[in-house]
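What follows is a short report on a single structure.
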Amino acid sequence: GLLELTRSGASLVDMMADYFDPSPDELSMDPGAIQKQKDLIGQIHACGGKVLMSSHTGRFLPAERVLEIARAQQDRGTDYVKIVTGAQTVEEEVENLRITHLLCEHLAVPFLFLSGGRCQLHRRIGPMLGCSMYLCVYEHDELSTRAQPVLEHIKAVRDHFEFF
């Protein structure tokens, strides 16, 4: 699993926040599963690896819930927090941009906060607002993730979108 990947040279592994206990919002609250996650994160760190912990909710979440998930991931010892929500309306998208700012204020670790759905601005400008990275694909083909924007397009946005 993840430990074997790290021992084989992976520098960063993606651990679902419900690893050992599939749960709603991909965030386990089971004390036994949480301890197993913490132990595995410690083993990965001991091998020189880092952990990105992720929760994919597939729907819009209010700020309080996003912050709850982010803090829970951070408290488990992850190096990066990743949360993927949704944005089907402009109002949800604007709120996700605001939540990005809240995550900057409340987390001590880098984070990746994305939204899927109809509204795509968040994926394109999130790192300009504090997200630690973009998730992109080189091209859209039968093997790529369609929700992830094409790298060339993101570079154009980053290079030409004067936000601050």
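Here are some notes:
- Qualifying position, being in a helix (DSSP H, G or I), polar (S, T, N, Q) and more than 16 Å from the chain's Cα centre (by Cα), among Gln88, Gln35: Gln35
- Residues in region 143-164 that are of a type in the set (Val, Ile, Thr) and not in a loop (DSSP other than H, G, I, E, B) were compared, and the one that is surrounded by the most Cβ atoms within 10 Å (Cβ to Cβ) is Ile154.
Here is a yes/no grid of residues against (1) within 15 Å of His56 (Cα to Cα); (2) surrounded by fewer than 18 Cβ atoms within 10 Å (Cβ to Cβ):
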{"site": "Ala70", "(1), (2)": "yes, no"}
{"site": "Thr78", "(1), (2)": "no, no"}
{"site": "Gln88", "(1), (2)": "no, yes"}
{"site": "Glu92", "(1), (2)": "no, no"}
{"site": "Glu95", "(1), (2)": "no, no"}
{"site": "Ile99", "(1), (2)": "no, no"}
{"site": "Ala108", "(1), (2)": "no, yes"}
{"site": "Leu114", "(1), (2)": "yes, no"}
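- Selection within region 134-154 - closer than 11 Å to Arg124 by Cα and under 20 Å from the mean Cα position of the chain (by Cα): Tyr134, Leu135, Cys136, Gln148, Pro149, Val150, Leu151, Ile154
- Members of region 102-116 that are at pLDDT 95 or above and either over 12 Å from Tyr134 (Cα atoms) or in a loop (DSSP other than H, G, I, E, B) (or both): Leu102, Leu103, Cys104, Glu105, His106, Leu107, Ala108, Val109, Pro110
- Subset tally (residues that are part of a helix (DSSP H, G or I), within 12 Å of the chain's Cα centre (by Cα) and of a type in the set (Val, Ile, Thr)) for region 38-78: 2
- Residues of region 3-28 classified as surrounded by 13 or more Cβ atoms within 10 Å (Cβ to Cβ) and either within 17 Å of the chain's Cα centre (by Cα) or not in a helix (DSSP H, G or I) (or both), total: 16
- When region 117-126 is filtered for residues that are crowded, with 16+ Cβ neighbours inside 10 Å and either assigned to a helix (DSSP H, G or I) or at pLDDT below 90 (or both), the ones remaining, listed by number, are His122, Arg123, Arg124, Ile125, Gly126.
- Residues in region 121-164 that are without any contact (Cβ under 8 Å) to a residue 12 or more places away in the chain, within 21 Å of His56 (Cβ to Cβ) and of a type in the set (D, E, K, R): Arg146 only.
- Residue within region 72-83 that is closer than 26 Å to Leu151 by Cβ and either modelled with pLDDT under 95 or touching an Asp or Glu at 6+ places or on another chain (Cβ under 8 Å) (or both) present: yes
- Among (1) under 20 Å from Ser55 (Cβ atoms); (2) in contact with a Pro (Cβ under 7 Å, 6 or more places away or on another chain); (3) modelled with pLDDT under 95, the one test that Gln148 misses: (2)
- Residue check, His140 assigned to a helix (DSSP H, G or I) and surrounded by fewer than 16 Cβ atoms within 10 Å (Cβ to Cβ): no
The values are calculated or read from the model by the stated rules, or taken from the named source; none is laboratory data. Here the structure is a predicted model, which is why all the values come from computation and not from measurement. All Cβ positions, glycine included, derive from the backbone under ideal geometry; neighbour counts span all protein chains shown.
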